[in-house]
Amino acid sequence: MRLHNLPKSTGSGPSRKRVGRGRGSGHGKTSGRGHNGQKSRSGYSARPGFESGHIPLFRRLPKRGFSNFRFRTVYAVVNVGDLDGIENAEVIDREALVNAGLVRKNAGKIKILGNGEVTKALKVKVDKFSGQAAEKIKSAGGEAIGTDIKKDVTEQDPDAS
């Protein structure tokens, strides 16, 4: 016979609390809920932020700013200095950045920022570049190919009205 085989003897554990069964139990009359009030009623539950009838904090504080969370474009950012470490890539694109561990596989759009220095000529093809990043890549003899580049006013079609 082992400890885990021993049967539980009656009364070895605490008995469950039986509320509302007379004063002698210690949990009679109000069943441990105190006296009158909202919390003593059945079915009571307060939503998060409820302050017992006071004006809640989220209504007392002023609203500020604007959040365009629904239509915003989120970019995974990579600095120009990190691109120098990528070897054996003819064109640095999404696949090369994922293989180098600079961008996650499920990342949305990719933007190259201008922090760092470029020492070799790179051909980079991503969604967007900052002005400084594109300038650094071109000055090193490389090429910055963006897919999200908006047309300049001078490049617009003259027939469009």
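Bear in mind that the values in this text are calculations on the coordinates, not laboratory data. Keep in mind the model is a prediction, meaning the values are calculated, not measured. Note: ideal-geometry Cβ built from the backbone for every residue, glycine included; neighbour counts use all protein chains shown.
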Selection count, segment 108-129, where residues are surrounded by 17 or more Cβ atoms within 10 Å (Cβ to Cβ) and either part of a loop (DSSP other than H, G, I, E, B) or within 27 Å of the chain's Cα centre (by Cα) (or both) = 11
Enumeration of residues in segment 18-45 that are part of a loop (DSSP other than H, G, I, E, B), surrounded by 10 or more Cβ atoms within 10 Å (Cβ to Cβ) and free of Cβ contacts under 8 Å to residues at least 12 places away in the same chain | Arg18, Gly20, Arg21, Gly22, Gly26, His27, Gly28, Lys29, Thr30, Arg33, Gly37, Tyr44
Residue set Asn99, Asn79, Asn106, Asn88; condition out of contact with any Lys or Arg (no Cβ under 8 Å at 6 or more places or on another chain), more than 30 Å from Gly141 (Cα to Cα) and of a type outside the set (Asp, Glu); output residue Asn106
Scan segment 106-131 residue by residue and report those that are in contact (Cβ under 8 Å) with a residue 24 or more places away in the chain and over 17 Å from Thr73 (Cβ atoms).
-> Gly114, Asn115, Gly116, Glu117, Val118, Thr119, Lys120, Leu122, Lys123, Val124, Lys125
Failed item, numbered, when Arg104 is tested on (1) loosely packed, with under 14 Cβ neighbours inside 10 Å; (2) assigned to a loop (DSSP other than H, G, I, E, B); (3) over 24 Å from the mean Cα position of the chain (by Cα) = (3)
Taking Ala76 as meeting all but one of (1) assigned to a loop (DSSP other than H, G, I, E, B); (2) out of contact with any helix residue (DSSP H, G or I) (no Cβ under 6 Å at 6 or more places or on another chain), write down the number of the exception.
-> (1)
